[in-house]
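Below is one structure, written out as structure tokens, with a few remarks after it.
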Amino acid sequence: MKRLKWESSQKLKIVQEGLSGQIEIRKLCNKYQVSQVIYYHWIEQLLQYGQKAFESKNITKRKHCLQSENQRLKQIIGDLSIPSGDTADAWPTSIIRRVSQSRGNVSTG
């Protein structure tokens with residue numbers, strides 16, 4: 001059989017079709033020009049890594065919470081670190097310039 005490069009979505013579709021029981025595996029593999037060895041390897045991969053499909057939602061939610069908390073803390077630190085008003089004169093110009101540049105402000109003071 002000709003060696004083809006399969007995308008993950010195509011592999012899943014083929015495996016699902018085989019698992020449905022609507023078609024014999026031999027015929028399914030001929031239909032998509034996939035060896036049966038490869039087909040069964042895909043099933044093993046699905047069974048081995050399929051649990052990650054259910055974990056990703058929790059990971060994504062956790063990641064989002066951590067990113068929000070990180071952003072909130074950065075804002076607090078930034079508010080405490082950047083001089084404003086009368087206290088700005090007490091800070092060395094080089095520090096103010098460096099902080100402004102890191103925030104995207106191109107103020108040279």
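At-a-glance table
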| read-out | value |
| --- | --- |
| Helices (runs of 4 or more DSSP H) wholly inside the range 16-109 containing at least 1 residues that are modelled with pLDDT under 90 | 36-49, 51-81, 93-102 |
| In the range 16-38, the residues that are closer than 22 Å to K5 by Cβ and either free of Cβ contacts under 8 Å to residues at least 24 places away in the same chain or among the charged types (D, E, K, R) (or both) | Q16, E17, I25, L28, C29, N30, K31, Y32, Q36, V37, I38 |
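The values are calculated or read from the model by the stated rules, or taken from the named source; none is laboratory data. Quantities reported herein were computed from a predicted structural model and do not represent experimental measurements. Positions of Cβ are backbone-derived with ideal geometry, glycine not excepted, and every protein chain shown enters the neighbour counts.
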